[in-house]
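This report concerns only the one structure given below.
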Amino acid sequence: MKRITILAITILFLVVSVMPAAAQEAPKSVPMQMYHVALIKHGPNWKSQNNQEGMDRRMEVIKQIKKGARNGVIVTAGLVNDETDVEFIIILNIKNKYEALDLLDNAPNHKNGMYKSDIFSMFAPKGLVIGDLQK
């Protein structure tokens, strides 16, 4: 019984002596920001990308993405390489979902029905930047 009491007091002493140090080493708060993820899908007038016209349209979208990156509106983007109707995924640095929808709906290949978008809001660390798209 005496051994159990000594062991319990020792454990209690260790826990109490470590607690203040652990409290001081609490993780720092990371500032968060709202971003919007756009899934750019085949629209009602989508045509196969396996011809020159389709490739030209895809290149138009890539040029628009690079322009958006230079303007700070697009954080990053990429082509989807799956058997799906999603062509691009884009992360936008825009205040709200309605501004993101407005921006994408006014893009030429959205207006002509080649593409359509689904937008999702997400929180991520503030200041996400991908420099390669800005070139």
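What's the total number of residues in segment 32-52 that are under 30 Å from Gly127 (Cβ atoms) and not aliphatic (A, V, I, L, M)?
Going through segment 32-52 one residue at a time, the tally reaches 4.
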*Which one is modelled with the highest pLDDT, of the residues in segment 61-96 that are among the charged types (D, E, K, R) and assigned to a loop (DSSP other than H, G, I, E, B)?*
Asp85
_For segment 67-90, give me each residue that is within 18 Å of Ser117 (Cβ to Cβ), touching a helix residue (DSSP H, G or I) at 6+ places or on another chain (Cβ under 7 Å) and either in contact (Cβ under 8 Å) with a residue 60 or more places away in the chain or not β-branched (Val, Ile, Thr) (or both)._
Ala69, Ala77, Phe88
*Subset of segment 97-116 [outside any helix (DSSP H, G or I) and over 13 Å from Ile65 (Cβ atoms)]*: Asn106, Asn112, Gly113, Met114, Lys116
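The values are calculated or read from the model by the stated rules, or taken from the named source; none is laboratory data. Just so you know, these numbers come straight off a predicted model, no measurement behind them. Note that each Cβ is placed from the backbone with ideal geometry, even for glycine, and that neighbours are counted across all protein chains shown.
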